[in-house]
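Structure first, then comments.
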Amino acid sequence: MFNFKYQNTTKLIFGKDKIKELSQEIPINSRILVLYGGGSIKKNGVYDSVKETLKDYTIFEFGGIEANPGYETLMKAVEIVKKEKIDFLLAVGGGSVLDGTKFVAIAPFSEGDPWDFLTGKASPQKALPIGSIMTLPATGSESNSGAVITRYETKDKLFFISNLVFPRFAILEPEITYSLPQNQTINGIVDAFVHIMEQYLTFNVNSPVQDGFSETLLKTLIDSAPKILKNPKDYDTRANIMFSATLALNGLIGIGVPQDWTTHMIGHEITARHGLDHAITLAIILPAVMKIRRKQKREKLIQYAKNVWNIQENNEEKLIDLVIEKTENFFQSLGIKTYLSDYNIKENDINEILKKLEEHGMTALGENKDITIDISKEILKTALSK
Ligand code: NZQ
Ligand code: ZN
């Protein structure tokens, strides 16, 4: 196992009727900006619950944060923060609202263009405190230090990581997720699944604790997906999906082990250029990464086949074929098409995606930093069609 330091400072407040406890978590004299998305929280009652709970506070609102939160939109929230002397941010929504809020937390303290935090030209030195009510189990953003922001005018989708933006608390009420459209429930399961895979499907460093944890999370998601499609109001299954998504990317399973974020880095470029949902890009790219890197990931692919999918097959090459197929079939069984051509993305679009990868410095991806642009090209070509 590799050396590591681990600290996660987010308090998780999980279960039924937890929004009521908001006021225990935010100092009473705070000037709060409540940030949210396109309005789902007004339909499912969450907005009203928040307003009721915070009725004794000074609150301002900023709605309209879009999926794949845009720099242009978020800068409008930054203006409110400055004008109204906001000193606490409350994110109420999915990963996009959470990520957007993290950017709004650091942007007011920027000495230049806050976009520099995304390109790596500057690193955040200060941030407003953030609280969160996570309404979509997927990204883990409610309890991690990362955020992904899109600049629509240039089609750049980039991330920053800073310990300053760990939310102080994350309220996780599984019942809030009953109102998710089916495709968003599925997207969430797939995103969390691939987060686990990016930290698990690498090479062996004798880390049975992290591996076992990852395998349990993967199996939980595989078991939960058909159950929740059949019965969207199954509380226990919603709760298990929600906790799995948080644990999939709160740093825990990735400590002391190699990580490979190739699928995500290529996926972000596809979303930025072609607008596909984040999770859909992952369901397309992960199987292609498994195919192209089957030699390098051999030992873990075999372990994954046996421990997660329980495949009985003595021929190891066949075993690997079978588990890649299983993974693809899992995504397809959730109604996701797993090839670029299914979304009208063609071979001659690949060069543009590669150009952006190069521009963003994504030229040495993977757990061994040996996935060059040429290998990304092979991955994208493999992802084109069956
Ligand atoms: O905007 P509203 O009206 O709230 O509707 C949202 C949105 O349309 C809706 N929704 C959320 N909760 C709901 C609900 N609808 C009904 N009931 C509820 N309870 O779902 C739609 C999608 O929301 P969004 O926040 O965009 O989805 P998600 O949570 O999947 O976030 C995706 C974003 O997170 C980034 C992605 O790149 C993408 O930009 N990621 C962030 C990560 C991180 N911070 O660690 C890691 C991830 O790998 C990922 O890259
Ligand atoms: Zn993701």
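The values are calculated or read from the model by the stated rules, or taken from the named source; none is laboratory data. Please read all numbers here as calculations on a predicted model, not as lab measurements. Cβ sites come from the backbone with ideal geometry, for glycine too, and all protein chains shown count toward neighbours. SASA here: full protein model, heavy atoms, side chains in, ligands and nucleic acids out. Shrake-Rupley method; radii C 1.70, N 1.55, O 1.52, S 1.80 Å.
Would you mind calculating the gained length between GLU21 and TYR6 on full extension (0.36 nm times residue separation, minus the Cα-Cα distance), in nm to one decimal?
Additional length available on full extension: 2.7 nm.
Hey, got a sec? Which trypsin sites (Lys or Arg not before Pro) in the stretch 1-62 land in a DSSP loop and have at most 12 other Cβ atoms within 10 Å?
Within the stretch 1-62, the qualifying trypsin sites (Lys or Arg not before Pro) (loop, at most 12 other Cβ atoms within 10 Å) are LYS5, LYS16, LYS55.
Taking the stretch 177-246, which trypsin sites (Lys or Arg not before Pro) meet the DSSP loop condition and have no more than 12 other C-beta atoms within 10 Å?
Answer in residue order: LYS233.
Which listed residue (SER207, ALA245, THR281) has the Cα farthest towards the positive end of the charge dipole for the stretch 182-382, taking +1 on Lys and Arg C-beta and -1 on Asp and Glu C-beta about the Cα centre?
Farthest along the dipole direction, towards plus: ALA245.
Give me the percent of the accessible area of the stretch 82-179 that comes from carbon and sulfur atoms, probe 1.4 Å, all protein chains in place.
49 percent
Amide H of LEU172: which non-local residues (sequence gap of 5 or more, or other chain) have their own amide H closer than 5 Å, using H built in the peptide plane?
Placed amide hydrogens put ILE13, PHE14, GLY15 under 5 Å from LEU172.
Using a cut-off of 10 Å between beta-carbons, work out the net charge of the residues near ILE371 (Lys and Arg +1, Asp and Glu -1, ILE371 not included).
That works out to -3.
Leaving out ligands and nucleic acids, and using a 1.4 Å probe, what accessible area per residue does the chain come to in Å²?
For the chain, the solvent-accessible area averages 43 Å² per residue.
Quick one: longest stretch of the chain between exposed loop chymotrypsin sites (Phe, Trp or Tyr not before Pro), exposed meaning at most 13 other C-beta atoms within 10 Å and loop per DSSP?
So the longest stretch without any such site is 7-386.
For the full complex of protein chains and a 1.4 angstrom probe, list HIS278, HIS195 by accessible area with the highest value first.
The ordering from most to least exposed comes out as HIS278, HIS195.
When a/c reaches 1.5 or more, the comparison of a/b and b/c decides; with that in mind, is the stretch 11-175 rounded, prolate or oblate per its Cα gyration tensor?
Note, shape of the stretch 11-175 comes out prolate.
How would you classify the chain from its alpha-carbon gyration tensor, with a ≥ b ≥ c the square roots of the eigenvalues: rounded for a/c under 1.5, else prolate if a/b is greater than b/c, otherwise oblate?
It is prolate, given that a/c is not under 1.5 and a/b is the larger ratio.
Measure up LYS5/LYS291; LYS42/LYS83; LYS126/LYS300; LYS121/LYS369; LYS291/LYS346 against 30 Å on the Cα-Cα distance and list the ones that go over.
Among LYS5/LYS291; LYS42/LYS83; LYS126/LYS300; LYS121/LYS369; LYS291/LYS346, the Cα-Cα distance tops 30 Å for LYS5/LYS291; LYS126/LYS300.
Mind listing which trypsin sites (Lys or Arg not before Pro) in the stretch 256-348 are in a DSSP loop and have 15 or fewer other Cβ atoms within 10 Å?
Filter output for the stretch 256-348: ARG294, LYS295, LYS337, LYS346.
Can you list the DSSP H helices in the chain whose Cα atoms extend at least 15 Å along the helix axis and whose mean Kyte-Doolittle hydropathy is 1.0 or higher?
Helices meeting the span and hydropathy rule in the chain are 278-292.
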